Amino acid sequence: MNKKIKELEKKRNDMRRNLYDQQDKIDEQKDLLFEEIEAKLQQKVTNKHLFALKWRII
């Protein structure tokens, strides 16, 4: 019975470690997505001279 208990505890610990690893991967992906969204939301305003009009009243 002790051997079976130790095997089950080892399996539980492995599963727990795997869970934490998966949570870390999810957190990394979430952070990357937030950075990507933030970069897309950054707006740059620029002035560009497109054309000029000249008026003359006759």
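Taken together, the values in this text are just the output of simple stated rules run on the coordinates, not laboratory data. These numbers come from a predicted model, not from an experiment. Positions of Cβ are backbone-derived with ideal geometry, glycine not excepted, and every protein chain shown enters the neighbour counts.
Observations on the structure shown:
- Highest to lowest packing among 17-24, 45-52, scored as the average C-beta count within 10 Å: 17-24, 45-52
- Taking the longest Cα principal axis of the chain as reference, the axis of helix 2-41 is set at about 0 degrees.
- Evaluated at q = 0.12, 0.23 Å⁻¹, a Debye calculation over the C-alpha positions of the chain (equal weights, vacuum) places log10 I(q)/I(0) at -0.63, -0.94.
- Summing Lys and Arg as +1 and Asp and Glu as -1 over all other residues whose Cβ lies under 14 Å from the Cβ of Leu32 gives a net charge of -4.
- Inter-centroid distance (Cα atoms) of the stretch 32-58 relative to the stretch 1-25, Å: 55
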